[in-house]
1. Please find, within the range 194-235, the residue that is farthest from Leu184 (Cα to Cα) out of those that are polar (S, T, N, Q) and loosely packed, with under 13 Cβ neighbours inside 10 Å.
2. Just checking, how many residues over the range 115-144 are among the aromatic types (Phe, Trp, Tyr) and closer than 27 Å to Gly159 by Cα?
3. For residues that are of a type in the set (A, V, I, L, M), surrounded by fewer than 20 Cβ atoms within 10 Å (Cβ to Cβ) and either touching a strand residue (DSSP E or B) at 6+ places or on another chain (Cβ under 9 Å) or part of a strand (DSSP E or B) (or both), tally how many sit in the range 66-97.
4. Out of the residues in the range 98-126 that are closer than 18 Å to Ser320 by Cβ and in contact (Cβ under 8 Å) with a residue 24 or more places away in the chain, state the one that is surrounded by the fewest Cβ atoms within 10 Å (Cβ to Cβ).
5. In the range 282-314, what residues are β-branched (Val, Ile, Thr), surrounded by 18 or more Cβ atoms within 10 Å (Cβ to Cβ) and more than 30 Å from Leu163 (Cα to Cα)?
6. Kindly indicate whether Pro54 is exposed (fewer than 12 other Cβ atoms within 10 Å of the Cβ), outside any helix (DSSP H, G or I) and not aromatic (Phe, Trp, Tyr).
7. Hey, among Ser217, Ser188, which residue is assigned to a loop (DSSP other than H, G, I, E, B) and either in the same structural domain as Gln285 (by TED's automatic domain parsing) or at pLDDT 90 or above (or both)?
8. Return yes or no: is Thr173 out of contact with any Leu (no Cβ under 7 Å at 6 or more places or on another chain), in a helix (DSSP H, G or I) and outside the structural domain of Thr305 (by TED's automatic domain parsing)?
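The values are calculated or read from the model by the stated rules, or taken from the named source; none is laboratory data. In this text, all values refer to a predicted model and were calculated from it rather than measured experimentally. Glycine gets a Cβ as well: all are built from the backbone with ideal geometry, and neighbour counts include every protein chain shown.
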Amino acid sequence: MVENTTHSEPSGDDIRPPKASIGVIGWLRANLFDGWLNSVLTLVTLFVLWKTIPPFFRWAFVDSLWFTDGAVCRDAPGACWSAVTTNLRFIIFGFFPYELQWRPLLAMLILFFLLFYSRDRTHWNKYLAYGWVIGLFLMGLFMKGGLFGLTPVDSTQWGGLPLTLLLSVFGLTAAYPLGVILALGRQSSMPAVKYLCIIYIELIRGVPLISLLFMGSIIFPLFLPEGITINSILRAQVAIILFTAAYIAEVVRGGLQGMSQGQYEAADSLGLNYVLTMRLVILPQALKIVIPPTVSILISAFKDTSLVVIIALFDLLKTSQTVLSNPEWMGFSREVYLFVAILYFLGCFSMSNYSRRLERELDRGY
């Protein structure tokens with residue numbers, strides 16, 4: 001009697017990919033060692049990191065000094081973070097009265113809370129607008145004083161991080177709608193409006209921000225009647241707004257040109273006028289597709305606020321330079337500027353990260 005033996009073939013579930021193509025090894029082969037060129041670049045990069053990261057870590061953390069005076073720091077082999085920790089309050093708040101520095105701190109906390117709460121699009125309603133109005137009033141009250149028993153503080157004493165946030169947040173907030181209006185004006189069918197917007201955009205984009213700051217700080221006051229002055233912070237703020245709006249206008253114009261004619265015809269078929277067409281149909285789509293370049297301009301404008309240092313405004317960069325002018329802390333510019341760079345990086349990274357999140361939320365898959 002012969003037994004009938006059958007050999008079952010392996011099913012699809014039993015077939016596994018080779019170990020060299022999955023897991024950590026597979027990721028390394030696919031991303032770092034995929035071909036001889038990528039392998040060489042990976043090895044060179046690892047060699048550079050090995051030569052730079054350990055020495056930097058030792059300089060920044062192992063051999064560093066955090067709470068001492070400048071004389072002791074000069075003999076230390078590592079970083080002197082004491083230049084930052086000892087002068088932290090001046091770097092952050094500038095010449096704001098020492099005993100009143102809780103007020104700009106509270107103003108910054110209110111601003112950070114409003115920005116964090118506004119990240120969620122589900123919170124965008126009229127109550128959030130009321131919250132921003134109340135928050136802006138409280139921030140101005142804490143910074144300026146003069147009401148409810150708060151000691152008045154002249155704006156010439158404002159400086160450091162609060163001034164940088166003031167110039168950047170309010171400048172970018174005002175420049176964006178102005179840029180949209182300029183873009184719509186450049187697309188207008190009315191020749192006077194169109195050419196006026198073209199002249200403004202091309203004129204502003206043709207000069208550097210430094211020239212506008214100098215004009216606002218030095219030349220503009222010469223045309224004012226005798227005895228009339230305008231706050232230097234306000235003049236710098238207006239220059240930043242006008243400069244940023246011109247660049248945003250060109251980005252938005254690109255989004256408007258990217259809209260198909262069918263969108264306009266569909267709005268016409270619904271009986272929508274120009275304002276409703278732009279507000280309900282065109283602008284929501286155009287502004288969505290230009291989020292990446294718009295955020296790039298806003299990030300550049302945020303960093304360009306440091307240029308107000310040339311017109312003697314004590315922003316974050318100017319207060320840092322003032323610390324380094326002290327003979328006790330001369331020679332420790334690496335530590336101070338690295339601290340300032342980290343603060344700017346956190347602001348720029350937050351804007352970039354939020355823009356990516358907003359793109360994902362607005363993506364409809366078509």
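1. Residue satisfying both the conditions and the ranking: Thr229.
2. Number of matching residues: 5.
3. Residues that pass the stated criteria total 2.
4. By that ranking, first place goes to Met108.
5. Ile282, the sole residue that qualifies.
6. So Pro54 does not fit the description; no.
7. Checking each option against the conditions leaves just Ser188.
8. no
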